[in-house]
Amino acid sequence: MHKKILILGSKGMLGQELVRVFVDGGHEVTGWDFGDIDVTDRDVAREKIFALRPDVIINAVGYNAVDLCESDASESAKAWRINAEVPGELSKVAKELGAIFVHYSTDYVFDGGQQGDGYEEDAEPNPVSKYGESKLGGERSTAAVGGTYYVIRLAKLFGVPAISAGGKQSFFAKMEEIAREKGVVSAVDDENGCFTYAPDLASATLSLVLDSAPSGVYHLVNEGAATWYGALRSYFGIVGVEAEVNPVSGDVFPRPARRPKDSTLRNTKRPKLRSLQDALGAFAESRRS
């Protein structure tokens, strides 16, 4: 069924892929980025969204300066405003319009102390950083409103750089650049978790919306957990980089925010996304084309 889609953060790494898959799916898509709407201005944002009257509101806006918000009080307040309060306000607008609300969260809502194969969707969150606390706040403010909503947890997003100003390269692309220049790189090998290829997440989001799935929390990540070191070794094998890759502890890098040691997410509700290995291959191919 044809739907009117509003994508907030449309020029980010994920947002640009969401625009692509929904347009390709034949839907009417409006994409707003920072220059088009200030989501932190509740009244102005509400008025602008009501004028559009979308069937689906997808919030791909987020504050993700994990270490900065841990060490700076003003940045911590900014993270809470964008990640915790704004999703609740947007979900209220969606509910009043009778629209579906989609919001993205993170594996950092967990403390990393799980035992077994990973965290299922109903596992009890326990963030160990201010960033994680702000993202959990967004999950809870969205759920408190009700209506039709999907909170999608992802982990270690990668893809082509965002088209927005200041868009950064993915971890894999940046490390490949360094490795080709210097012949040696180091990567953290004591933090295990999942990775998420932006085009795969965008397609999975489209399917979730079109399937009229029950409201709630979903884990949409590529299958197969790895450390940064392990994933990078896999990627270098695909692209033929023969640089030395040194496994190191996360303590080597000065990072104010704690990271969960094993934040593997289990997808028990939706069709599985392709393996991390296959996703890395697709990413490598996209960089060659």
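Laboratory data are not the source of any read-out in this text; all were calculated from the coordinates shown. Given the structure is predicted, the values throughout are model-derived calculations rather than measurements. Methodologically, a virtual Cβ is constructed for each residue, glycine included, from the backbone with ideal geometry; neighbour enumeration extends over all protein chains shown.
Below are the figures for this structure:
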read-out	value
Dipole in debye (nearest 20) - segment 1-102, about Cα centre, beta carbon charges: Lys, Arg +1; Asp, Glu -1	440 debye
Potential extension, Arg270-Ala73 segment - 0.36 nm per residue separation minus Cα distance	67.1 nm
Residue-wise HN-Hα coupling along segment 208-224, computed from phi with Karplus coefficients 6.51, -1.76, 1.60 (Hz; x: Gly, Pro)	4, 5, 5, 7, 6, 5, x, 4, x, 9, 10, 9, 10, 9, 5, 6, x
Efficiency of FRET from Cβ geometry, Glu285 and Asp117, R₀ 30 Å, rounded to 0.05	0.50
Euclidean distance between Cα centres, segment 240-275 to segment 186-221, Å	14 Å
When segment 94-189 is reduced to its Cα atoms, the Kirkwood hydrodynamic radius in Å	16.3 Å
Net charge contributed by nearby residues that have their C-beta within less than 15 Å of Ala99 (K/R +1, D/E -1)	+3
Extension gain (nm, one decimal) between Arg233 and Lys261, 0.36 nm per residue minus Cα-Cα	8.2 nm
Rounded to 5, the percent of DSSP beta bridges in segment 131-289 classed as antiparallel	10 percent
Residues Ser249 and Ser212, FRET efficiency given R0 of 45 Å [Cβ-Cβ distance, rounded to 0.05]	0.50
Extended-chain gain in nm, criterion 0.36 nm per residue less alpha-carbon gap, Ala51 and Arg81	8.4 nm
Residue pairs, from the table Lys3/Lys174; Lys135/Lys269; Lys182/Lys261; Lys95/Lys269; Lys78/Lys182; Lys4/Lys95, whose Cα atoms sit over 25 Å apart	Lys3/Lys174; Lys182/Lys261; Lys78/Lys182
GluC sites (Glu not before Pro), loop per DSSP, at most 15 other Cβ atoms within 10 Å - longest free stretch of the chain	121-241
Descending semi-axes in Å of the chain, equivalent ellipsoid built from Cα gyration tensor	31, 21, 18
Sequence of Ser10, Ser76, Ser215 once ranked by neighbouring C-beta atoms within 10 Å, starting from the fewest	Ser215, Ser76, Ser10
Fewest-first ranking of Tyr104, Tyr131, using other Cβ atoms within 10 Å as the exposure measure	Tyr104, Tyr131
Nearest-20 debye value, segment 196-289 charge dipole, Cβ charges on Lys, Arg, Asp, Glu	300 debye
Sorted by Cβ neighbour density within 10 Å, fewest at the top, the residues His2, His103	His2, His103
Ellipticity estimate at 222 nm from DSSP helix runs (n ≥ 4, -39,500 (n - 2.57)) divided over the chain, nearest 500	-12000 deg cm²/dmol
Rg and Dmax [Cα atoms of segment 31-114; Å; Rg one decimal, Dmax integer]	14.3, 46
Surrounding net charge for Pro271, when Lys and Arg each add one and Asp and Glu each subtract one, Cβ distance under 12 Å	+1
Antiparallel %, DSSP beta bridges [both residues in the chain], to 5	5 percent
Gap separating the Cα centres of segment 93-172 and segment 1-57, nearest whole Å	18 Å
Farthest toward positive dipole pole in the chain [+1 Lys/Arg, -1 Asp/Glu at C-beta], among Gln16, Val160, Ser76	Gln16
Amide H within-cut-off set for Thr40, under 5 Å, with H built and near neighbours excluded	none
Charge dipole of segment 188-277 about the Cα centre (unit charges at C-beta), most positive-ward option of Phe195, Val252, His219	His219
